[in-house]
Amino acid sequence: MTERSVTHATFAIDRSFDASPERVFRAFSDPAAKSRWFGGPDEWEKSEHKLDFRVGGSESISGGPPGGTVHCYNAILWDIVPNERIVSTYELRLDEIRISVSLATLELRPDGDRTRVVYTEQGAFLDGYDDAGQREEGTRILFDRLEAALRQE
């Protein structure tokens, strides 16, 4: 039997994007816009990205290296304030193994003609499969992809 453990951790990312709060919010709320930047590396095989963007709605995507472990993301949206805030919970799984459950809060703040994004994640990392440092690094990579998608609009 696998030894069970839970590690609780919080991290925050404070970042500025060269786009209005409306454009940044749309990058999270519009399924086509979010599909441009959200998910694993380009070389991964991916499932269809599903986003039902409303309070009580859900989001899911999965993928992984060809023939390798499938990484599954499943979220529920709990609070939405257009152009200001999104609060969700999500689980990550490797194949059928749940590796974490997190509360994620995204805050958007006007900053001149830019948008300051403050992202805070509070996670329960399960059985040693993942930790806050790895999760923060992955989230920063996603924000790099978001920034590139906003530049291409």
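Worth a mention:
- Tally of residues being farther than 18 Å from residue 151 by Cα, outside any strand (DSSP E or B) and basic (Lys, Arg) across the range 12-59: 1
- The listed residue being more than 18 Å from residue 8 (Cβ to Cβ), of a type in the set (D, E, K, R) and surrounded by 14 or more Cβ atoms within 10 Å (Cβ to Cβ), out of 98, 114: 114
- Scope the range 53-69; condition surrounded by fewer than 19 Cβ atoms within 10 Å (Cβ to Cβ) and either among the acidic types (Asp, Glu) or at pLDDT 95 or above (or both); matching residues: 53, 54, 55, 56, 57, 58, 60
- One residue alone among 150, 106, 92, 142 is farther than 24 Å from residue 21 by Cα, surrounded by 15 or more Cβ atoms within 10 Å (Cβ to Cβ) and hydrophobic (A, V, I, L, M, F, W, C), and that residue is 92.
- Apart from one condition, residue 30 fits all of (1) buried (at least 18 other Cβ atoms within 10 Å of the Cβ); (2) closer than 21 Å to residue 119 by Cβ; (3) not hydrophobic (A, V, I, L, M, F, W, C); the exception is (1).
The values are calculated or read from the model by the stated rules, or taken from the named source; none is laboratory data. Just so we're clear, the structure is a prediction, and the values are computed from it rather than from any experiment. In this analysis, Cβ positions are derived from the backbone assuming ideal geometry, glycine residues included, and neighbour counts consider all displayed protein chains.
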